[in-house]
Each structure stands twice: as structure tokens, then as C-alpha cells.
Amino acid sequence: MLDNIYLLIQAPLLNVQILLDGLFVGSIFALAAYGLALVWGVMNVKNLAQGDFVIMGGYTAWLLSTWGIHPIFGLPIAMVLMFGFGWVVYVVIIRRVIDKDMFTSLLATFGLALVIQQLLNLAFGPEVQVAESHFAINSFFDGLVTVANIKFISLLLAAGLAAMVVGFMKFSRMGQAIRATAQDARAAKVMGIDTDRIYAFTFSLNAAICGAAGALISMIWVIQPFFGIGHSIRSFVVVTAAGLGNLPGVIIAGLSLGGAELYSGFVFGAELQQFSVVALLVIVLAVRQVQQRRHRQAVK
Amino acid sequence: MSIAQQKILLYAVILVLGIGGPLIFPNYTFQISVLWVMILFALTWDILGGQMGYNSLGNIFFFGVGMYTCALVQVGLYTDVSVYTSATGGANLRLTPEEYFIGLGLGAFAGAIVASIFAVIFGWVVFGLRGPYFAIGTLGFTLAAGELVGAWEWVGGGGGIALPVYPGPPDERSLLFNFLCFILAVIAFLTVKWMYAGQFGLAANAIRDDEEKAEAMGIHTLRYKTVGWTIAAFFLGISGAIFGNMVGFIEPLEVAFPTVTFGIFMVVMCLLGGKGTLWGPVVGAALFHIFKEVTWTYMLGWQWVALGALIIILVVFFQQGVMGWLQEKWPSRFGITVDENVVAKKSSEAAQ
Amino acid sequence: MSNLIEVRNVSKSFGGVVANRDISLDVPEGRVTGLIGPNGSGKTTLFNSIVGYHPIDEGSIQFEGQEISDMMVPEIARLGMLRTFQQTRIYSKMDCVKNMLISLPHRTEGYSSMFKPYGAETMEKADRLLEFVGLYSKRHLISGDLSFGQQKLLEFAMALMNEPKVLLLDEPTAGINPTLINGLIDRLRRATTELGITLFVIEHNMPVVMNLADNVYCLANGRLLAHGTPDEVQNDERVINAYLGGHLEMEDH
């Protein structure tokens, strides 16, 4: 461990490499977390299957890439398919738990997460997969820092997608209806908004966002059937740290999480990388508690 | 037959099954032992989850803590732990019966105490969290613990530890552990029954129904939550110690901190039987365990999919569980008085 | 006669909206103090500041000489200051007797009493207080099935069970059948005279306040407008303007 820290000081360019990689994966964490915050804020559903949606999107892109379709084109296909899947999940499960207490939605989506990860495992096996983009890899500083082109493209795609979703929420009729429902579902209903359709759309939109995030993850990182829970926890960490309805917060928290995770993975070794995500969750929750206590409140 | 007589009969049947079960079905001794552990899981989960509305996804943490603490005490009493865990094969520790039982007793005791201490410390950290944050926070603790232990070479890391070999014939061993599991489940049941009968039960229900009101009335909410969790942790710690010795070999992710198996089973069993009732967890654990043992081996990898689907179905369609359903059907049998006007109003509303 | 609650120069704002500005008031022991004011004048905010629901921006709040403005809700409640809610809050899945039993005072309670069953004396006290508010015949019903007014009475009985030194009531007569209001006023008075509980009451219904309170404070737009006996406040020009002025303006437009 100390050796690794020593290495970071000896070769400062390594920091650049880690930070850059953290930025690239962090942008995707932020994207998935934005989807979680959307569903949480609008319909008060805490989706523990968030990460599994991401992994599903990843497998879609990967599967298409094995059939010769480039993962960049696989991304929109994954989004469309996941949108449809989200709609089905909403109609079959979420609609029935939406007005129950919060643990119901948490547990129902946990059950869904189990089903998804096990089905993926049965279908594709437990091996780690990557959707190859076959793009060039750029070297900087005499090869000390390397960045694959696909990572730049992924960052741009993530930013572009986020901008599109935000624009959609701000300017489209549907987006306005979603925001109205989030503020006061009953009032929205009285004003003639079909809240059930809004919820269905919001949940499906989140699934599509996850699909995109998953396709990006499959290109620049790795996917595996059981990695879903890790992504779910990452999304919760980001949303908890940023708070609901705080877009800049989500972006900053997502990027920081990416950086923090890769740093701790480097310093403590890869086997504790997952641990560092969970440890961050616990730290974020503890900090939130101290903050809330100052407001004489609990974290809820 | 009066209600009191029915109760006595029920207890008698359970007692006969508990003691006689492994003698009548010697091939299933292990499964019967696991059933008692499952009942204990469900009972202790329900203290917070069902009675207080604090749905923990991480109670299995205490099970793992008890298991590892016990194992370390058992090994550490007689040899150097790091030498023992680094040795290939590991199980070169031959103990006399006296040494073995002293180690087991002290280990189980230490496991319970250490788990309880962890409950107090973690309670202090997580009980400011409500609802989803509590569930996810506890889940986080457990996942973290499993990974941390897996990376801790001194206790065997991901490879795990073999426990000292039982100094006697295998049949005697399995009977003994079966009996310990049974006794422990019975004590756990009597303990929670006693807890729910007094102020604790009402305070817990008050916290579940409206915690803000409970706080506004001055109820020591943090104290009740911590005590409830600590008692759960105490029993889970001992059960972990016994379970570890029963299977003979422990490792962090599958045996000691199995979040997605035992950790989730606890919740599912309580949902199935009926959260927040005394007998619900017992009924749910029995039903779930029997269902699982009968079907698990025939499902060829699909069992996990089935488990996930079962969770969804339970949550969506059968929230009240078996006992909750019975209570709704025959409220007077459970000592609930119902206002006829309200019933009439509700049924006419339903008719519309 | 001493003051149980002393509020000094308390200000509280939410975002840019000032809900309470520089408010000072006293709640004397053994009396009924009223708090009136038009909608949105900051009455409930002041209550919430006192019982600990949110931090205050400035000022101090003392209970029996002890600073409580940085304590948490249950700690303050255990000092002997209770509140009822505008939207009645009871444990709706329990029957009335259980609602009463769980409201026993928790001030001096130790760890050992956690697991004790309830004694006959406690049961009898619960029954007596249910009788006092007129819910004895409904005592074994699930409290969520009661009517709104009955739930309000139950909440009041639960508060009495807790033996508070001071009870903060947020609109005790709102939503209660007008024919029952006089009975309720009588019970509130008896709570002070017979049980020695100091009351601090937010009330919209003017006749109720004038009937019940010994002292009245009037808030408007987050500021303290007037203070005195019910008669003085009732005839205060500014109070009349605050209430009627709002109405007149509305009618003009």
C-alpha cells in the first residue's frame, strides 16, 4: 500500500492517468445517478435495480458488438430496448408498489435486481466482458499516460446525453408535465395530467438512461452479471451526496466518485476497489447525518 | 378445544419435532438444524424490521461477526492464528473434548458479545438514517465487512478458516449442533415474546407507525432501536458461532456475510409469514425453508431467478404475509375489536 | 409566578422568506396563553422552533431557565414540554388504550422499564383519561378508525397521559364539530386547573381564545403585533386591522 503511494509521488504523471480515467468512468456514474434521482424525485421510488439496468444496457451493446454492430451504434439500440423494458417493469411491478411505503419499492426492485443478474448470468456466464470499439489509443508524455479514443467519445456522449435529457425536462411538454408531477402529483392529476403515464414514462426514461450508461461502461470498462449492485450503490452514493434535484451536485459527485474509486483501487489494490465504494457510501451517510443533526433532523 | 389448550398442543408438537426430528429423520439432521437457524434469523430480523419499521438489509453482518469471532477464539486459545490460517489444509489442530468444548463455549460467548458491541457502535452511526437510507446504509456495512474480511490475511482472507475438528463421531456431532440450534431458536422466540409483551413492544410499534410523533411524545427512540438491534445481534452472533462450527469451514462471502442469500432470506421469510407479528417469522421461515429445500436442487441455476421473483410477488401481492392475512380474516381471534360501522363503511366503499 | 417558557428575540427564515422576526414572549406557569394571528403569520413556525423541529436563526428559547434552542425533539419532550399537531397524529394502527399506554411519561425511565409489563395503576389511569375526554366506550377500537374529532380528543388524552408541564396545542378546535367545542374548552380549562398543566394554544377561533386564554399574543407577518389580556388584544386597533384589513383587501379585488 505504501509502495503504491510512493509510486504516485515518484511518478506524478500516474496521477494524471488515474484522474483522467476517474473522470471518464465518473461521467457515466453521474449519468446513471441522474436517472436514479429522476425516478426518486418524481415518483419516490428508490430503484435498487438501477445498476442492473446499467449492466443490461451494457450486455445489449456487447451482444450487438459480437454480431458486428459497433457499440456506438449499439448505444441508441440499447436505449430503445431499455426504454421498452422499463415500461414493462413499470406496468408489471412499479405501478403496484408506487403508493406503498418506501421499503416496498426498495425490496421489489431488489428482487428485480436478483432476477436480472441471475438471468444475465444464465444467458452469458459469469465472465467479464468488454464491447470492443477497435479505436486507436493515444499516448501522451512518452506513453506514460494513455487514453483510448473511445474514452473521449464516451465522455462526449455522456455529456451530450445528459444535456439532451436536461433540455427535454426543461422545454418539452412531457418534461414539464414530469416536473409538475414531481412537485405535487395530486395537483397535477387535478389539472388533467395523466400521472400514471407520466410515471411510466419517467421510469422508462430512467431505464433508457441506464441503457446508455451501460453501453458506455461496456466500451470503456468491463461488465459482468454481478456488477449491478456496485453500480446501484454508486448511484445511491452520488444522489445521497448531491441531494435530489441538484444537477451540478450530481455531476461533481459522480466525477469525484470516479476519481476516488480509481485512486483507492490503485492504492489499496483492486480487491478493495468495491469496498471503497461502499466505504464512501457509509462516509457520505455519516456526513449527511451530522449535517442534518445541525438542522435538528434525521436523514430521510 | 380452548385457545389455551390449542397453544399447549402447539408448543408440545414443536418440542417433539425439535428433539425428535433428527432421530426420526436422521438423513435430514442438517436441514432441520438450518431450519432452526432460519427461524432465529427471521425472529431477530423482525424485531427491527417488522416491529419498528426499520428494514435492515445488513443484519447478516452480526452473524458473520459472531462466526469469525468464535473461530478466532477457538483457534487462538490453542495455537497461533496466523500460522494456522496460512497453513495449507489448515485443519491440523487436534483438540481433546475438554479443550474443544471450552473453546466452543468461550467462542460463542465472545461472538455474541462482539456482535452486540458492533450493534451498539453501528446503531449509533445508522439510526439517524430513516427509510431507504437505513436499508442501504446497513446493506453497505455488510458488503464492506465481507470484502474487508476477504482481504484480511490474518483471518485467512478469501480462503477462509477450517474450524477445529470435533473430537467425536460425526453422528454425535450433528445431533449436538442440531440440539444447540433448536435450543437457541427457542430461547430467541421466548425472548422476543417477552419483549413484545411489555413496553418494548408498544414503543417499537409506535416508532413504526409514526416515529415523529413518538419523538414528540418523548419516547427514547434511539434507545429502543439500539436495544432491539443489540438483542438481535446477540442472538445472531451466537447462531453464527454455532453455524460456523456446524459447517466446519468458514469463508467471508458465501458463509459468514452472505448478503444475497441468508441476508435476504431473513427479509423474505418475515414478509412471507407476516411482518410485525410474533408467529409470522416462524411460519414464514418454516414455509420458506421447506419450499427452498424441496425445490432448490431441481431448479438448475434458476433458483435465484425464482427467489427474486418470489420477493417481487410477495412485495407486490402478499404484503401482509400469512399471519397478517389470518389477522385480517379473523380479527377477533387475535384480540382486535372492530367497529361494525367502520366495517360496513369499508365494505360499501369496496363495493363502489 | 414564574415563566415556564421564555422566548427572546427569535428570528427564523426559510430561504428568503422571514417566518418569525425578533419575537419575544413568555408563557407563565399555570396559565393559558393564546397565540393568534392571520394565516401565514408564523404561529406554527414559532411552535416548531420551540419544540425543536428546526434550528432558529437568532435569539434564545428557554424552558424553566434552561436553553433548549439547540436540543433535539425527544430531549425537549422529555423535559416536560409536549405539542399536539395541527394535522392530528396518533398511532393509527393501535387501539386507543395502547395509544394511551405508550404515552406514559418517559422522563425518568431507565433501561429496566423497557421490558416491564404495564401495571394496573397505569391501565386505570389510561381508562380515567379516556373517560375524561369521552372516549371510554371506544377504548378498544383501532384509533385510525375513529372520526377526526375523536382522534383529536385521543391525541389530547395522550398528551395528558404524559403528564407534561406545558402543553402546546396547535388549533385544538379546528375540524371539531361546533357543538362539541364548548365541551372541549371546558376540558382544556380543567387540564389547567385540575391537572396543573400550563397551556400554550394556537387558535383561529376568536371566541375560543377569548374564552380560554389568560394572556394573548398576536402575530402578523412574522412579527409580534400585540400582547395583553384577551380584552385588550381584542380591542387593539392593530389587531383588528391585521385581521379585518386582510379581509377588506380581498373583497376589494
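The values are calculated or read from the model by the stated rules, or taken from the named source; none is laboratory data. Values in this document were obtained by computation on a predicted structure and should not be read as measured data. Note that each Cβ is placed from the backbone with ideal geometry, even for glycine, and that neighbours are counted across all protein chains shown.
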- Message: I want to confirm something. Restricting to the range A:231-267 and keeping residues that are free of Cβ contacts under 8 Å to residues at least 24 places away in the same chain and farther than 28 Å from A:VAL42 by Cα, which single residue is surrounded by the fewest Cβ atoms within 10 Å (Cβ to Cβ)?
- Response: A:SER264
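So is C:SER60 out of contact with any helix residue (DSSP H, G or I) (no Cβ under 9 Å at 6 or more places or on another chain), of a type in the set (Ser, Thr, Tyr), at pLDDT 90 or above and not in a strand (DSSP E or B) or not? Quick ask: steps written out before the conclusion?
Values: out of contact with any helix residue (DSSP H, G or I) (no Cβ under 9 Å at 6 or more places or on another chain): yes; of a type in the set (Ser, Thr, Tyr): yes; at pLDDT 90 or above: yes; not in a strand (DSSP E or B): no.
Judged against the criteria, C:SER60 is not a match.
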- Query: Based on what the data block shows, is B:GLY240 crowded, with 18+ Cβ neighbours inside 10 Å, away from chain C (no Cβ under 14 Å) and touching a strand residue (DSSP E or B) at 6+ places or on another chain (Cβ under 7 Å)?
  - Reply: no
- Item | A:ILE55, sole failed condition from (1) part of a helix (DSSP H, G or I); (2) out of contact with any strand residue (DSSP E or B) (no Cβ under 9 Å at 6 or more places or on another chain); (3) over 30 Å from B:GLY50 (Cβ atoms) | (2)
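If you take the residues of the range A:268-300 that are within 18 Å of A:GLY254 (Cα to Cα) and of a type in the set (S, T, N, Q), which of them is surrounded by the fewest Cβ atoms within 10 Å (Cβ to Cβ)? I'd like the intermediate steps shown before the answer.
First, pick out the residues of the range A:268-300 that are within 18 Å of A:GLY254 (Cα to Cα): A:273-285, A:287-288.
Of the ones still in play, those that are also of a type in the set (S, T, N, Q) are A:273-274, A:276.
Working: A:GLN273: 17, A:GLN274: 19, A:SER276: 20.
Restricting to residues being within 18 Å of A:GLY254 (Cα to Cα) and of a type in the set (S, T, N, Q), the top hit is A:GLN273.
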- Just wondering, is there one or more residues in the range A:290-297 that are touching a residue at least 40 places away in the same chain (Cβ under 8 Å) and of a type outside the set (Ser, Thr, Tyr)? no
- Message: Take B:LEU95 and tell me if it is in contact with a Pro (Cβ under 6 Å, 6 or more places away or on another chain) and either away from every other protein chain (no Cβ under 14 Å) or of a type in the set (Gly, Ala, Ser) (or both).
- Response: yes
- Any residue at all in the range B:34-52 that is farther than 23 Å from B:GLN320 by Cα, surrounded by fewer than 24 Cβ atoms within 10 Å (Cβ to Cβ), free of Cβ contacts under 8 Å to residues at least 60 places away in the same chain and assigned by TED's automatic domain parsing to the domain that holds B:VAL260? no
- the range B:197-239, residues that are of a type in the set (Asp, Glu) and assigned to a helix (DSSP H, G or I): B:ASP209, B:GLU211, B:GLU212, B:GLU215
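Of the residues that make up the range B:104-127, is at least one assigned to a helix (DSSP H, G or I) and either touching a Lys or Arg at 6+ places or on another chain (Cβ under 9 Å) or among the basic types (Lys, Arg) (or both)? First the steps, then the outcome.
Step one: of the range B:104-127, the residues assigned to a helix (DSSP H, G or I) are B:104-126.
Restricting the remaining residues to those that are either touching a Lys or Arg at 6+ places or on another chain (Cβ under 9 Å) or among the basic types (Lys, Arg) (or both) gives B:123.
Yes, some residue in the range B:104-127 is assigned to a helix (DSSP H, G or I) and either touching a Lys or Arg at 6+ places or on another chain (Cβ under 9 Å) or among the basic types (Lys, Arg) (or both).
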- A careful count of residues in the range B:147-201 that are of a type in the set (A, V, I, L, M) and over 30 Å from C:TYR111 (Cα atoms) gives 10
- Query: Within the range A:61-92, can you find the residues that are at pLDDT 95 or above and polar (S, T, N, Q)?
  - Reply: none
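When the range A:108-124 is examined, which residues are found to be more than 14 Å from B:TRP304 (Cβ to Cβ) and without any contact (Cβ under 8 Å) to a residue 24 or more places away in the chain?
Across the range A:108-124, the qualifying residue is only A:ALA108.
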- Scanning for something under 22 Å from C:HIS204 (Cα atoms) and within 14 Å of chain B (Cβ to nearest Cβ), does the range C:23-46 turn up at least one residue? yes
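One line per residue, one yes/no per condition, for (1) at pLDDT 90 or above; (2) farther than 30 Å from B:GLN74 by Cβ; (3) not polar (S, T, N, Q):
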residue	(1), (2), (3)
B:ASP171	no, no, yes
B:CYS181	yes, no, yes
B:TYR196	yes, yes, yes
B:ALA206	yes, yes, yes
B:TRP229	yes, no, yes
B:ALA233	yes, no, yes
- Message: Checking the condition within 22 Å of C:GLY149 (Cα to Cα), under 15 Å from the mean Cα position of the chain (by Cα) and without any contact (Cβ under 8 Å) to a residue 60 or more places away in the chain, which residue from C:LEU168, C:LEU184, C:LEU212, C:LEU180 passes?
- Response: C:LEU184
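One line per residue, one yes/no per condition, for (1) part of a helix (DSSP H, G or I); (2) more than 9 Å from every other protein chain (Cβ to nearest Cβ); (3) farther than 26 Å from B:PHE30 by Cα; (4) modelled with pLDDT of 90 or more:
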| position | (1), (2), (3), (4) |
| --- | --- |
| B:MET269 | yes, yes, no, yes |
| B:LYS275 | no, yes, yes, no |
| B:LEU287 | yes, yes, no, yes |
| B:LYS292 | yes, yes, no, no |
| B:GLY301 | no, no, no, no |
| B:VAL316 | yes, no, yes, no |
| B:MET323 | yes, yes, yes, no |
- Per-region count, the range B:187-237, residues more than 24 Å from B:ALA110 (Cβ to Cβ), of a type in the set (Gly, Ala, Ser) and more than 7 Å from chain C (Cβ to nearest Cβ): 3
- Matching residues, the range A:101-127, being surrounded by fewer than 22 Cβ atoms within 10 Å (Cβ to Cβ), of a type outside the set (A, V, I, L, M) and more than 7 Å from chain B (Cβ to nearest Cβ): A:ASP101, A:ASN121, A:PHE124, A:GLY125, A:PRO126, A:GLU127
- Every residue from the range A:198-218 that is under 18 Å from A:ARG96 (Cβ atoms) and either surrounded by fewer than 13 Cβ atoms within 10 Å (Cβ to Cβ) or of a type in the set (Val, Ile, Thr) (or both): A:ILE198, A:THR202
- Within the range B:128-161, the residues that are within 14 Å of another protein chain (Cβ to nearest Cβ), out of contact with any Gly (no Cβ under 8 Å at 6 or more places or on another chain) and not in a helix (DSSP H, G or I) are B:GLY128, B:ARG130, B:TRP152
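Per-residue answers, yes or no, for (1) in a helix (DSSP H, G or I); (2) in contact with a Phe, Trp or Tyr (Cβ under 7 Å, 6 or more places away or on another chain); (3) modelled with pLDDT under 90; (4) more than 14 Å from chain B (Cβ to nearest Cβ):
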residue	(1), (2), (3), (4)
A:ILE94	yes, yes, no, no
A:ASP99	no, no, yes, no
A:PHE135	no, no, yes, yes
A:ILE153	yes, no, yes, yes
- Message: Being touching a Leu at 6+ places or on another chain (Cβ under 7 Å) and more than 23 Å from B:LYS213 (Cα to Cα) is the filter here; which residues of the range C:148-191 pass it?
- Response: C:ILE185, C:ARG189
- What are the residues in the range C:14-35 that are out of contact with any strand residue (DSSP E or B) (no Cβ under 6 Å at 6 or more places or on another chain) and within 17 Å of C:GLY52 (Cα to Cα), if any? C:PHE14
- Which residues, counting only those in the range C:154-184, are away from chain B (no Cβ under 14 Å), in a loop (DSSP other than H, G, I, E, B) and over 17 Å from C:THR33 (Cβ atoms)? C:ALA174, C:GLY175, C:ILE176, C:ASN177
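Residues in the range C:185-208 that are assigned to a loop (DSSP other than H, G, I, E, B), crowded, with 18+ Cβ neighbours inside 10 Å and among the aliphatic types (A, V, I, L, M): how many? Give the derivation first.
Initially, the range C:185-208 is screened for residues assigned to a loop (DSSP other than H, G, I, E, B), giving C:194-197, C:203-205.
Checking which are crowded, with 18+ Cβ neighbours inside 10 Å leaves us with C:197, C:203, C:205.
Adding the requirement that they be among the aliphatic types (A, V, I, L, M) leaves C:197.
Going through the range C:185-208 one residue at a time, the tally reaches 1.
Only one of A:VAL130, A:VAL145 is at pLDDT 80 or above, under 30 Å from A:LEU8 (Cβ atoms) and more than 7 Å from chain B (Cβ to nearest Cβ); which? Step through it out loud before you land on a result.
Numbers: A:VAL145 fails: at pLDDT 80 or above.
None of the others qualify; the one that does is A:VAL130.
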